[in-house]
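See structure below.
The values are calculated or read from the model by the stated rules, or taken from the named source; none is laboratory data. As the structure is a prediction and not an experimental result, all values here were calculated from the model. Methodologically, a virtual Cβ is constructed for each residue, glycine included, from the backbone with ideal geometry; neighbour enumeration extends over all protein chains shown. When the accessible area is computed, the model is the full protein with side chains, heavy atoms only, and any ligands, DNA or RNA have been set aside. Shrake-Rupley method; radii C 1.70, N 1.55, O 1.52, S 1.80 Å.
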Amino acid sequence: MDLWRLNIFCKVVALGSFSRAAEKAFISQPTVSSHIKDLENHYKCKLIDRLGKTVVPTRAGELLYRHANTLLAMHATLEAEMAGFQGNIQGRLVIGGSTIPAGYLLPAIIGRFMKRYPAVTVSLIAGDTSQIVKDILSGELEAGVVGAAIRDPHITQKKIIQEEMKLIVPADHPLNNNQPVSLDDLCAVPFITRESGSGTLMSLGKSLAEKGIKIDQFNIVAEMGNTTSVIQGIKSGIGVSVLSPIAVADELKAGTLKALSIEGVSMIRQFYLTRHKNRTESPVARVFRDFMETTIVDKPKQ
């Protein structure tokens, strides 16, 4: 049986869509349909049911999906181990990162990794924490780094680094008086929040809950979809927000923004290397995980 057809079949099942599978494989949707039809002719049974705009495997399709994933993983392992006889680690790795990891942490890590393993190509996909986890569950990503703990039986996580989030304000803001900001004062000023699904928002909500405070008690004047927008909103005087100091390192250095503590609130946030608990890692993904776990120092970033 052609492993390429099995690979296409697994993409269709994982993504629940012929069109998305075609996009990921860089082929046309009719070609995807043709591959699935060839498999159904070979096994003499229906493998995929169309339910409206989504597709799901039949019972036979579920059986094939399990075994096909095993075969594809074995093939990837074989290729990598044979290359290992030549001292090579090679292949393509697709990983994800939520806003802060993808924008500020992972590029440098990937750069060091690729210097050590030049035959590896890496694709970095950015999204909020919820999207990255969703893509790991669907098989689109082998792993990701996110800023929130995830409660899902199919997800496994390992803490790799931590930092302390800060209240970020313009340098001339009244709260910038070299003192920790009280919760009462914070609740009185215009506040910019991230969108639902953001690891930053999840971590802030958890820290506030320990003090019996809910985020909706703040004077929320704007919700923004990414850290860059929040930073621009702070600079424009829309409001203040809690962010990673990593994201505003240049502004802090220039003195245009200030990072303040919130009185009595610990805002230590962990970043987690996140992957599917039950999927077999590709050899490249396993090497990358080992690289991250042995080269990143797990300590707060000030």
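Before moving on, here are some points about what is shown:
- Residue check: Arg66 meets all listed conditions (1) free of Cβ contacts under 8 Å to residues at least 40 places away in the same chain; (2) farther than 19 Å from Trp4 by Cα; (3) over 15 Å from the mean Cα position of the chain (by Cα) but one, namely (2).
- Among the conditions (1) hydroxyl-bearing (Ser, Thr, Tyr); (2) under 22 Å from Lys277 (Cα atoms); (3) in a helix (DSSP H, G or I), the only one that Ser123 does not satisfy is (3).
- Whichever residue in segment 33-54 is more than 16 Å from Arg5 (Cβ to Cβ) and open to solvent by less than 80 Å² (accessible area, probe 1.4 Å) and, among such residues, is nearest to the chain's Cα centre (by Cα): Thr54
- Pairs where the first residue, in segment 209-223, is part of a helix (DSSP H, G or I) and the second is surrounded by 14 or more Cβ atoms within 10 Å (Cβ to Cβ), C-beta under 6 Å, 6+ apart: Ile215/Gly205
- Leu252 fulfils the conditions (1) free of Cβ contacts under 8 Å to residues at least 24 places away in the same chain; (2) more than 17 Å from Ile100 (Cα to Cα) except for a single criterion, (2).
- Residue count for segment 245-280, restricted to those that are under 19 Å from Gln179 (Cα atoms) and open to solvent by less than 20 Å² (accessible area, probe 1.4 Å): 6
- Boolean, Leu15 is of a type outside the set (Gly, Ala, Ser), over 30 Å from Lys166 (Cα atoms) and open to solvent by less than 70 Å² (accessible area, probe 1.4 Å): yes
- Filter pass, Ser182 being touching a residue at least 60 places away in the same chain (Cβ under 8 Å) and farther than 22 Å from Gly97 by Cβ: yes
- Flag for Ile95 being among the aliphatic types (A, V, I, L, M) and modelled with pLDDT of 90 or more: yes
- Exactly one residue out of Ser198, Ser236, Ser207, Ser203 is in contact with an Asp or Glu (Cβ under 9 Å, 6 or more places away or on another chain) and either surrounded by fewer than 20 Cβ atoms within 10 Å (Cβ to Cβ) or under 30 Å from Glu140 (Cα atoms) (or both): that is Ser198.
- Positions within segment 95-137 being open to solvent by 20 Å² or more (accessible area, probe 1.4 Å), of a type outside the set (A, V, I, L, M) and over 18 Å from Ala149 (Cα atoms), in sequence order: Gly103, Tyr104, Pro107, Gly111, Arg112, Lys115, Arg116, Tyr117, Pro118, Thr121, Ser123
- Any hit, segment 93-104, residues being closer than 20 Å to Lys134 by Cα, out of contact with any helix residue (DSSP H, G or I) (no Cβ under 8 Å at 6 or more places or on another chain) and either touching a residue at least 60 places away in the same chain (Cβ under 8 Å) or not in a helix (DSSP H, G or I) (or both): yes
- Residue in segment 275-298 that is at pLDDT below 90, more than 30 Å from Leu71 (Cβ to Cβ), part of a helix (DSSP H, G or I) and in contact with a helix residue (DSSP H, G or I) (Cβ under 9 Å, 6 or more places away or on another chain) present: yes
- Taken as a whole, segment 69-79 holds no residue that is among the acidic types (Asp, Glu), surrounded by 14 or more Cβ atoms within 10 Å (Cβ to Cβ) and touching a helix residue (DSSP H, G or I) at 6+ places or on another chain (Cβ under 7 Å).
- Filter pass, Ser241 being touching a residue at least 60 places away in the same chain (Cβ under 8 Å), crowded, with 20+ Cβ neighbours inside 10 Å and not basic (Lys, Arg): yes
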